[in-house]
Structure formats: C-alpha cells, structure tokens
1. List TRP170, TRP264 from most exposed to least, where exposure is judged by having the fewest other Cβ atoms within 10 Å.
2. What is the extension gain from ARG189 to VAL289, computed as 0.36 nm multiplied by their sequence separation minus the C-alpha to C-alpha distance, in nm to one decimal?
3. FRET efficiency for ALA318 and PHE136, Cβ-Cβ distance as r, R0 = 30 Å, nearest 0.05?
4. Need the full-extension length gain, THR242 to ARG308, defined as separation in residues times 0.36 nm minus the C-alpha distance. One decimal, nm.
5. Rg to Rh for segment 195-327: what is it, with Cα atoms only and Rh by Kirkwood?
Amino acid sequence: MRKIRELLVSLTDNYPDNRENWPGLPGRLRSFFVRNPNTDPDKIVHAPLPGPIARFMKVRRQPTGFKRQYATGQLPMGLALVMCFGFYGLVGAYGLSISTSDDAYNNDLTGSLADVSRFTGLEIKDIMIEGLTNEFRRGEVIAALGVDYEEPTLQVSAAAARQRIQSLPWIADANVQRLFPGTLIVSIRERVPFAVWQNRGQITVIDVEGQVISEFAEDADPALPLVVGEGANGDASEILATLAARPEIRARMRAIVRVGARRWNVRLNNGIDIRLPEENIEAALDQLVALDTIHGLFNHDISAIDLRIHDRISIRLAGDNDATTSEQAGGAT
C-alpha cells in the first residue's frame, strides 16, 4: 500500500491540473500507463483496460525450446539422433547411387556397402572366441567362420556363420553375435571325448552320442574305453554305463565288441571274453560278479565266459575246445 500511495503522489505531482481524476484510476491501469509521462490523464481515465494480448505483447519473452538451444549452440538429444542417422542415410544413399551409376562397381551392392562401412567404421576389427579349450583349434574356428578382417559388419550373416562352425565334427553347438561397430563374438560348446571307436581299420575318438570328434592321436586320454565293431559308437553309452555300475568288471575291461549289431562281448585285460546276452544283461553280470567274488573266477586260466543262456554260465578254459558249464546253483570249475 505504501508503494501505491507513493505512485499516486508522483502521478498527481506530474499532472496537477487533473489531480481529481487520478484517484479513480484502477491501480493496474495506472501501473501500465505510468511508463509514459507524457500521457494525458484524461485519456488515461477514459481508456479501457488493456486486454491479455496487449499485456502479452508488452512483455519481452526469452527464447525457449529449440530456439533457445539453437541460439546457445545446444540441440536436443532426439534431434541430434535424427540428424546423425539422417547423415548415415545420406551416405548410404550416396553409395547406392554410385553403385548404380559407376561401371567400376557393376551394380554390385557389396562394393558400395564396403565403402560405406569403411567410412563409418563398421568393419570387423576383432573376433572373440569363447568356450575354446585348445587354442590350436582357433584357426579352424576362424576358417569355418568364413569372415575376414575389415569385412563390413552388416555383411556378416550370423546364422550362416553358425552353421559353418557347427559343421566342425568336434563342435556340439555354436552361437555367433555381432557387436557393433566391429566385433564378432563366437561362443562354442565342444564335444567331450567319451570313447575310442575302432571300425574297419579306422580308429577315431567319439563323444557320448557316438559322434566322431577326431582321428585317434597319441596324445588321446588313455583312460578312454575302446569300443569295436560296426555300430558300436551309437550303442556304447548304455553298455558302458551298465559296466560302470560293476567296478569288478569295469576295472579289468580292455574293450567291448559289438557282435552282429545285437549284443556285446566284454574283453578283459587278461584275454578273457565275456559273451553277454541280448537281454537281461544286468542280471547276467550280477551272477558273474557273485561267482568271481566267491571263487576268484577272473584269476583262473580261462579264455571265455558265456552268459547267453539264461540261468547258466559256460566257461571255456584256455587251450580247451570244450566248455565247462556251471549251473546257477553250482560252483565254478
């Protein structure tokens, strides 16, 4: 209120002849026109109040939004991204136009894509291989990958590269990812050696599924069991699991032989052949283990033990053409 009274006093001092007109002026109107000291008080008294547009035009507004950021050298993030991708789009369009007009490219999109990738930095600079246990096989993976350094990243097909890597016999599964701007990440899962397979003069290392991993080498694990015969690679996991549950036999085993794609023979280290039946293998092996526990059967001079007949064990002595038969309730000879 004190400021209003001071304002009224200053107005009446400037216009003494029309002093009686000033008290009737609304305060907002007086504050609006007081900036012009040459204004006639009679016109102020009878002048209408300024509308909202007039009041808005009287205020000097500061620039906001894009205008302010443009004036200060700053741009919004969204606009910056649009301009960035727009630039790359123009570069790509320019490359395509060159590929369609220049005879040197012969309408080859690959050439223009390589130029654009080289310009933008989207080239293969690094290849990372995860899950590799033997660094000497890194070259095999890169060769199967089929990708060269400085090749355009966008030109690499991850699905096709994955199929090529999985074609390697020692690879169980693989995954290929592109990490922009220039890195390829190859994740592999190797096949685990399970046994050595001998068939028709060839010796290879196989996994638990019977898949051939590699040729047999001298540095192969000597603890790997030997499976022999056609089709033995695909059926070996089941019979080896059965023998593993009976360490009295598994510890003496030298090889298992597939016979006629129907049954197995187990050859022990001392040369004894155990002829297993087609069915009820577990029961037959349990009978054999019981006899060995009681009579030390595997320590005798025996060439073969036949378990193919139910409830009967036939034993062939070394150098003997006749077999000695032991009933289930009888003893061993």
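1. TRP170, TRP264
2. Separation in residues times 0.36 nm, less the Cα-Cα distance, equals 32.1 nm.
3. E between ALA318 and PHE136, to the nearest 0.05, is 0.05.
4. Extra length from THR242 to ARG308 when fully extended: 22.1 nm.
5. 0.98
Every number in this text was worked out from the coordinates using simple rules, so none of it is lab data. Just so it is clear, the structure is predicted and the values come from calculations on it, not from any experiment. Note that each Cβ is placed from the backbone with ideal geometry, even for glycine, and that neighbours are counted across all protein chains shown.
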